[in-house]
Amino acid sequence: MTSLPIAEPLSVALVRPAWAVTLGALLALTKPQLAFMSVLTAMVAYGAARPTAGVILALTTLTGTALAAAGALSLNQWWERRADAQMQRTRRRPLPQAQVTPAAALVWSLALAVAGVGVLATQVNPVAAAVAALTIGLYGCVYTPLKRRTRWATECGAIAGALPPLLGNAASGDLWAAPGTALAAVLLCWQLPHFFAIGWRHRADYRAAGFRLLPAIDATGRQTGAWSLFYATLLLPVSLAPWVCGTLGTLYGAPVALAGGAFLWRAWGFATATGDREDAARRLFFASILYLPLVLGALALDRLTAA
């Protein structure tokens, strides 16, 4: 009688080889979703400023931007590895889980950053490389350590997050091209209510890690709500200025006005909420998630139809 093969235990079947674990950890250090958003905003600005550019320049811009963004985000995780180990939502990241050593993570981060700036400097232009270097410096070396020192670290991080469209502008040959500059201003204002909504929901984690960010030091949420409302209010005229000035058309202005109004409404709800504000923060967060793709799509559609 032939015996049936014994099934491999699930715990063994799911064990990955060491190289796969390391590769996955290195990829996770780059925060692919956030890196993708940086690349997307840069390339939308690039395309809006130079829609007829050749494929090679577009690809080198995309490659350099992606490497630089990955380097900055990876450097952030290296710097915050001890804090990440203290927070529920980040303790499963590669460094707290010892999936990669801190030394390897630092080398990886610097290699990506240098490669990104190098590609932009040699294959695109020095101005694009300078904007990338400034972004890496602000995000990886200024914003990250400031989180333990001041509540204004968030605003510093928002400046870094608003620079990718200017990188796209620079790559196109016009650092201050109107569509990309408008997008940078939108990102600057949008990021702050977006982050404050996230921060309020995870404020206990931030306190445990010793961060001095506004949601962590604001016991009632009144200041967090008020600043969210302030930036959401500022976002509306900032986002509509290109339409009012005639730089962008109705295909941009109409949907952005509607989205901005809805975003402002959710920020108002967060600012005026009572109790723990958890539901209001969640609604503001989801409104922020919907807002940005709509703005990017409207900007791209407006430029495509105008070309």
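Structure data summary
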| quantity | calculated |
| --- | --- |
| Net charge of Cβ neighbours under 9 Å - reference Arg212; Lys, Arg +1; Asp, Glu -1 | +4 |
| Least to most buried among Leu67, Leu183, Leu62, Leu229 (fewest other Cβ within 10 Å first) | Leu62, Leu229, Leu67, Leu183 |
| Cα pair distances of region 32-106 binned at 5 Å [whole percent] | 3, 15, 20, 17, 13, 10, 9, 7, 5, 1 |
| Size-normalised alpha-carbon gyration radius of region 177-307, reference 2.2 N^0.38 Å | 1.13 |
| Positive-pole candidate from Val55, Ala98, Gly161, dipole of the chain, charges at beta carbon | Ala98 |
| Linear extension gain, Arg148 paired with Gln97, 0.36 nm per residue minus alpha-carbon span | 16.1 nm |
| Inverse mean reciprocal Cα-Cα distance (Kirkwood Rh) of the chain, Å | 20.6 |
| HN-Hα J in Hz across region 125-141 - Karplus 6.51, -1.76, 1.60, θ = phi - 60°, x for Gly and Pro | 6, x, 5, 4, 5, 5, 5, 4, 5, 5, 4, 4, x, 5, 6, x, 10 |
| Distance between region 207-223 and region 139-162 - C-alpha centres, whole angstrom | 15 |
| Residue-averaged 222 nm ellipticity for the chain, from DSSP H runs of 4+ at -39500 (n - 2.57), nearest 500 | -23500 deg cm²/dmol |
| Centre separation in Å (Cα based) which lies between region 24-50 and region 230-277 | 24 |
| Fewest-first ranking of Phe270, Phe286, Phe195, using other Cβ atoms within 10 Å as the exposure measure | Phe286, Phe195, Phe270 |
| Taking only Cα atoms of region 18-176, radius of gyration then Dmax in Å | 15.9, 49 |
| Selection from Met87, Leu251, Ile289 lying farthest towards where the dipole of the chain points positive, charges on Cβ | Met87 |
| Near-label residues of region 123-141 by backbone N, under 19 Å of a point 7 Å along Cα→Cβ of Trp176 | 126-132 |
| Rounded to the nearest 20 debye, dipole of region 18-176 from Cβ charges on Lys, Arg, Asp, Glu | 660 |
| Which of Asp279, Asp218 has the fewest Cβ neighbours within 10 Å, and the rest in rising order | Asp279, Asp218 |
| Longest exposed-site-free window of the chain, the sites being trypsin sites (Lys or Arg not before Pro) in a DSSP loop that have at most 16 other C-beta atoms within 10 Å | 213-307 |
| Under the Karplus curve 6.51 cos²θ - 1.76 cosθ + 1.60, θ = phi - 60°, whole-Hz ³J(HN,Hα) for region 103-115, x wherever Gly or Pro sits | 5, 5, 5, 5, 4, 4, 4, 5, 5, 5, 4, 5, 4 |
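A short reminder: the numbers here are calculations on the coordinates, not readings from a lab. Keep in mind it's a predicted model, so treat the numbers as computed, not measured. Backbone-built Cβ (ideal geometry, glycine too); neighbour counts: all protein chains shown.
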